[in-house]
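Taking it in order: structure first as structure tokens, then the write-up.
The values are calculated or read from the model by the stated rules, or taken from the named source; none is laboratory data. Bear in mind the structure is a predicted one, so any value in this text is a computation, not a measurement. Backbone-built Cβ (ideal geometry, glycine too); neighbour counts: all protein chains shown. In case anyone asks, the SASA skips ligands and DNA or RNA and just uses the protein heavy atoms, side chains included. Shrake-Rupley method; radii C 1.70, N 1.55, O 1.52, S 1.80 Å.
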Amino acid sequence: MLLPNYQEAKKRTHRDVEIDHYQFDPALSHLGDGKTYYVKTYGCQMNEHDSENIRAMLEQLGFQPLPDDDYENADLVLLNTCSIRENAHNKAFGMLGRLKHLKAKKKDLIVGLCGCMAQEEGVVQEIMKRYRFVNFVFGTHNLHRLPFILKDALDAHQQNIEVFSEEGNIIEDVPVKRDHPYKAYVNIIYGCDKFCTYCIVPYTRGKQRSRRPLDIIHEVEQLVADGYQEVTLLGQNVNAYGKDFDFEYRMENLLEDVAKTNIPRVRFMTSHPWDFTDGMIDVIAKYENIMPSIHLPVQSGSDRILKLMGRRYTKEKYLTLFHKMKERIPRLAVSTDIIVGFPGETEEDFEETMKLIETCQFDNAFTFIFSPREGTPAAKMKDETLLSVKEDRLHRLNERVNHYFLKNNQKMVGSIVPVLVDGYNQSGKTSLFGYTDTNKLINFDGDASLIGKIVMVKVTNAKTWSLDGEYESERVG
Ligand code: SAH
Ligand code: SF4
Ligand code: F3S
């Protein structure tokens with residue numbers, strides 16, 4: 001049993017991160033024979049990608065995916081959890097409640113919990129006290145040990161908890177079963193050292209650690225060879241890529257080298273405004289296959305709140321970067337994240353955020369009410385604003401951001417844009433959906449043969465969250 005420890009998780013050591021390789025013990029390859037699995041994923045793209053690794057490892061053990069995707073029929077249910085806000089927490093605990101009932105009826109059910117919540121001291125205590133039926137728990141730093149942790153739990157017939165608080169080495173060659181046949185997530189940097197005062201990620205994901213350039217390039221080259229059309233380079237702060245190397249190789253170099261693999265589309269997320277360099281802007285502008293779409297979370301438009309958040313930029317610095325990007329990268333779409341109701345946010349602070357919205361007119365925005373996370377500095381800050389006031393701010397903010405989503409979409413009507421076709425949309429077998437280079441969802445009628453290709457589509461109608469279009473031609477250029 002190894003329990004999470006916040007004091008350890010906070011530390012940033014100068015230990016050199018080494019590269020290890022995933023090793024599978026063939027003696028375990030029948031552990032799951034005849035059994036099915038169900039993985040429920042909460043949280044961000046990083047967690048989604050971790051679940052792709054988890055599924056592949058479970059299948060190495062002989063477990064099979066469920067034909068009907070209904071967790072009630074599974075022999076093993078694994079929750080890959082997220083700690084970012086309270087509602088993510090609540091959802092996972094709600095699911096644990098349902099699993100408790102299920103296990104009462106189905107004694108052999110195996111239940112596991114992993115992901116960011118497993119890194120939280122309080123959560124693990126709760127599982128040990130009130131959710132004894134959970135067979136095993138592992139954290140974000142020892143995902144690759146899933147086969148052993150699972151085996152130990154089954155052998156010992158008791159709860160097995162193994163959570164490392166200090167980040168481990170980088171593990172290459174963990175198997176992956178990708179969700180999507182044309183679009184792939186590729187990790188480039190793990191952890192985060194920014195310690196924004198509201199955020200739990202630096203505690204749950206540990207120290208910033210960059211994967212080696214060649215490991216990333218080889219992964220992308222293999223994806224190209226396998227017919228993939230798009231990669232998204234993942235990290236909590238991708239712009240810090242390479243800062244932990246003892247050689248000069250940064251995000252702009254990586255972006256350029258990934259673009260040169262000739263993968264048709266490159267995306268990356270998330271960018272912290274602090275580390276975004278001019279060099280990156282130049283590379284994005286130079287390569288046609290780096291998509292003109294950047295997620296650049298601003299969080300607040302008030303300098304006072306930005307400071308309390310520990311974001312390390314002012315509104316003016318953000319705007320300077322924003323305008324520079326827009327000037328140099330043609331047709332660039334910028335999306336953002338915003339938190340309202342941070343402790344001490346006044347109406348004037350909020351108005352600053354609203355003003356910023358009028359200036360930036362974002363193409364997309366994810367908006368949240370501040371959620372105190374245990375162990376973070378902001379959770380201890382005095383917060384006297386009523387929830388109803390915060391909800392009202394969120395509502396007003398959403399109205400304005402939605403207004404600009406629609407306005408930006410309307411500007412696209414009549415233009416012909418490249419679209420990577422994902423598949424059929426829900427409305428029927430003639431209607432396809434995909435994403436434009438600027439990351440807008442578009443629906444249009446077309447033939448199944450277009451799925452997985454990049455084609456030109458004429459935008460005919462704009463809605464707030466999507467576009468309608470007509471198929472125009474094969475890809476141009
Ligand atoms: N690494 C990314 C963000 C990851 S979390 C970045 O630095 O931008 C995604 C978003 O969740 C954040 O941008 C923030 O807007 C929101 N978020 C994080 N912690 C939060 C909290 N405690 N309460 C409310 N929203 C939060
Ligand atoms: Fe959290 Fe800030 Fe790191 Fe993003 S940069 S993951 S918001 S601490
Ligand atoms: Fe959630 Fe962890 Fe991602 S807290 S947002 S799953 S890094």
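Selection over region 42-64 of residues that are among the charged types (D, E, K, R) and either free of Cβ contacts under 8 Å to residues at least 60 places away in the same chain or farther than 15 Å from VAL186 by Cα (or both) gives a count of 2. The numbered conditions (1) open to solvent by less than 20 Å² (accessible area, probe 1.4 Å); (2) under 19 Å from THR438 (Cα atoms) are all true for GLY235 except (2). Listed by first and then second residue, the pairs linking a residue in region 334-358 that is more than 22 Å from LYS380 (Cα to Cα) to a residue that is at pLDDT below 95, with Cβ atoms under 6 Å apart and 6 or more places separating them unless they lie on different chains, form an empty list. Please indicate, with yes or no, whether at least one residue in region 98-105 is within 15 Å of ligand 3 (Cβ to nearest atom) and of a type outside the set (A, V, I, L, M). No: zero hits. The set of residues in region 423-442 being at pLDDT below 95 and of a type outside the set (Val, Ile, Thr) consists of GLY423, TYR424, ASN425, GLN426, SER427, GLY428, LYS429, SER431. For residues that are within 16 Å of ligand 1 (Cβ to nearest atom), outside any helix (DSSP H, G or I) and not hydrophobic (A, V, I, L, M, F, W, C), tally how many sit in region 81-128. Within region 81-128, residues that are within 16 Å of ligand 1 (Cβ to nearest atom), outside any helix (DSSP H, G or I) and not hydrophobic (A, V, I, L, M, F, W, C) number 5. Of all the numbered requirements in (1) part of a loop (DSSP other than H, G, I, E, B); (2) buried (at least 21 other Cβ atoms within 10 Å of the Cβ), LYS207 misses one, and that requirement is (2).
Number of residues in region 281-313 that are in contact with a Leu (Cβ under 9 Å, 6 or more places away or on another chain) and within 16 Å of ligand 2 (Cβ to nearest atom) equals 7.
Checked against the criteria, ALA184 counts as more than 16 Å from ligand 2 (Cβ to nearest atom), surrounded by 15 or more Cβ atoms within 10 Å (Cβ to Cβ), within 30 Å of TYR424 (Cβ to Cβ) and of a type in the set (Gly, Ala, Ser).
Which fully enclosed strands (runs of 3 or more DSSP E) of region 348-448 have 3 or more residues being open to solvent by less than 40 Å² (accessible area, probe 1.4 Å), more than 16 Å from ligand 2 (Cβ to nearest atom) and of a type outside the set (Phe, Trp, Tyr)? Give the steps one after another, and end with the answer.
Details: elements: 364-369, 416-424, 431-436, 441-445.
Once the strands (runs of 3 or more DSSP E) in region 348-448 are filtered for at least 3 residues that are open to solvent by less than 40 Å² (accessible area, probe 1.4 Å), more than 16 Å from ligand 2 (Cβ to nearest atom) and of a type outside the set (Phe, Trp, Tyr), what remains is 416-424, 431-436.
For ALA225, the conditions (1) open to solvent by less than 50 Å² (accessible area, probe 1.4 Å); (2) small (Gly, Ala, Ser); (3) closer than 23 Å to ILE451 by Cα are fulfilled apart from (1).
Within region 269-285, residues that are in the same structural domain as MET325 (by TED's automatic domain parsing) have Cβ atoms under 6 Å from residues that are open to solvent by 10 Å² or more (accessible area, probe 1.4 Å) and within 16 Å of ligand 3 (Cβ to nearest atom) in these pairs: MET269/HIS295; THR270/HIS295, counting only partners at least 6 apart in sequence or on another chain. Any residue that is assigned to a loop (DSSP other than H, G, I, E, B) and among the polar types (S, T, N, Q) - is there at least one of those in region 239-254? Within region 239-254, not a single residue is assigned to a loop (DSSP other than H, G, I, E, B) and among the polar types (S, T, N, Q).
Here the condition is being surrounded by 16 or more Cβ atoms within 10 Å (Cβ to Cβ) and either closer than 26 Å to ILE338 by Cβ or within 15 Å of ligand 2 (Cβ to nearest atom) (or both); of ALA259, ALA240, it holds for ALA240 alone.
Let's see how each residue does on (1) buried (at least 20 other Cβ atoms within 10 Å of the Cβ); (2) in contact with a helix residue (DSSP H, G or I) (Cβ under 7 Å, 6 or more places away or on another chain); (3) in contact (Cβ under 8 Å) with a residue 40 or more places away in the chain:
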| position | (1), (2), (3) |
| --- | --- |
| ALA27 | no, no, no |
| LYS40 | no, yes, yes |
| LEU66 | no, yes, no |
| VAL77 | yes, yes, yes |
| HIS89 | yes, yes, no |
| LEU99 | yes, no, no |
| ALA104 | no, no, no |
| GLN119 | yes, yes, yes |
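Out of HIS218, HIS295, one residue alone is out of contact with any helix residue (DSSP H, G or I) (no Cβ under 9 Å at 6 or more places or on another chain) and surrounded by fewer than 15 Cβ atoms within 10 Å (Cβ to Cβ). It is HIS218.
Among all positions in region 11-27, there is at least one residue which is in a loop (DSSP other than H, G, I, E, B), farther than 28 Å from PHE245 by Cβ and out of contact with any His (no Cβ under 9 Å at 6 or more places or on another chain).
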